[in-house]
């Protein structure tokens, strides 16, 4: 049985943030059942890891890739692990989406695991980088992959929501803006994006929280900046989407070192350029030392 979050031997490692997702390198990661907006690529660096999705029991694998919005849980006690998160609105997602043609959870074959471990073996795992992230995606990509276009009405709704994700319009207002009924919009949005509008807004807010924490803001400050009523509200939402509380990162309880370069992030196009330009600029660190030194 997976140990509870907050045990005496919490997970630890380094978390590299970027606009299109994140890369965690560490060990002893154990989380609770959760689901989130990103793709999860879980790689056991030195041994197999245990995972489960939904009701079936635990399974073991060298690496597994999980589609967005799919319930998952990880038990990597005693193992070094790499976890790559990929935003499904990003160009990176297009390159690896073929893995979900026959299911939402795919155990990667042995030869792919070997290649991924080789890439990880070339890098200093104490400091994950954008270059390492790119090499992992290169190993998993499908040449000639094409994105299925998002319904233009939903694309417009996404633009409206991103422009004001702290206090977005209600569903009837969004529906009126694209010529749909509220019920039809709610159904179409979930069909196109894989989650309801409200949960998508929460995802945008959690992204903002992560960048604020990386910049040295307290958990309370990060919660208020991202539009959460208070820290408990943030903690409940964070736990539901990541499987552990934000205090595991923000207060060092999980001994996670955050690596974040605001200038590099602003220079990267990313899937949310409009909101990131302003929010990432505001998330600059309070101190002059590199964020990776935390």
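The values are calculated or read from the model by the stated rules, or taken from the named source; none is laboratory data. What you are looking at is a predicted structure, and each value in this text was computed from that prediction instead of being measured. As a convention, Cβ positions derive from the backbone with ideal geometry for all residues, glycine included, and neighbour counts pool all protein chains shown.
Inspection of the stretch 140-152 finds no residue satisfying the criterion of being buried (at least 16 other Cβ atoms within 10 Å of the Cβ) and either over 27 Å from residue 101 (Cα atoms) or free of Cβ contacts under 8 Å to residues at least 40 places away in the same chain (or both).
Would it be correct to say that residue 195 is within 21 Å of residue 164 (Cα to Cα), touching a residue at least 60 places away in the same chain (Cβ under 8 Å) and not in a helix (DSSP H, G or I)? Spelling it out, residue 195 is indeed within 21 Å of residue 164 (Cα to Cα), touching a residue at least 60 places away in the same chain (Cβ under 8 Å) and not in a helix (DSSP H, G or I).
Output the number of residues of the stretch 8-32 satisfying the condition of being touching a helix residue (DSSP H, G or I) at 6+ places or on another chain (Cβ under 9 Å), assigned to a loop (DSSP other than H, G, I, E, B) and under 18 Å from residue 249 (Cα atoms). Total satisfying the criteria: 4. Every listed requirement among (1) in a helix (DSSP H, G or I); (2) under 16 Å from residue 150 (Cβ atoms); (3) at pLDDT below 95 is met by residue 212 save one, (2).
Can you find a residue that is without any contact (Cβ under 8 Å) to a residue 60 or more places away in the chain and either surrounded by 18 or more Cβ atoms within 10 Å (Cβ to Cβ) or within 21 Å of residue 51 (Cβ to Cβ) (or both) anywhere in the stretch 121-132? Within the stretch 121-132, none of the residues are without any contact (Cβ under 8 Å) to a residue 60 or more places away in the chain and either surrounded by 18 or more Cβ atoms within 10 Å (Cβ to Cβ) or within 21 Å of residue 51 (Cβ to Cβ) (or both). As for the stretch 84-104, it holds at least one residue that is out of contact with any helix residue (DSSP H, G or I) (no Cβ under 6 Å at 6 or more places or on another chain) and closer than 15 Å to residue 31 by Cβ. Looking at 116, 74, 84, 108, which is the one that is buried (at least 19 other Cβ atoms within 10 Å of the Cβ) and either farther than 28 Å from residue 240 by Cβ or free of Cβ contacts under 8 Å to residues at least 40 places away in the same chain (or both)? Result of the check over 116, 74, 84, 108: 116. Of the residues making up the stretch 39-58, those that are surrounded by 17 or more Cβ atoms within 10 Å (Cβ to Cβ) and either in a strand (DSSP E or B) or modelled with pLDDT under 95 (or both) are 39, 40, 41, 42, 43, 44, 49, 50, 51, 52, 53. Scanning the stretch 238-278 for residues that are over 15 Å from the mean Cα position of the chain (by Cα), free of Cβ contacts under 8 Å to residues at least 40 places away in the same chain and either in a strand (DSSP E or B) or closer than 16 Å to residue 24 by Cβ (or both) yields 250, 252. Considering the conditions (1) under 18 Å from residue 35 (Cβ atoms); (2) within 14 Å of the chain's Cα centre (by Cα); (3) without any contact (Cβ under 8 Å) to a residue 60 or more places away in the chain; (4) outside any helix (DSSP H, G or I), residue 64 is excluded by exactly one of them, (2). Within the stretch 161-181, the residues that satisfy the criterion of being under 26 Å from residue 236 (Cβ atoms), without any contact (Cβ under 8 Å) to a residue 60 or more places away in the chain and assigned to a helix (DSSP H, G or I) are 161, 171, 174. For the stretch 104-115, a residue qualifies if it is under 20 Å from the mean Cα position of the chain (by Cα) and farther than 10 Å from residue 64 by Cβ, and exactly one does: 104.
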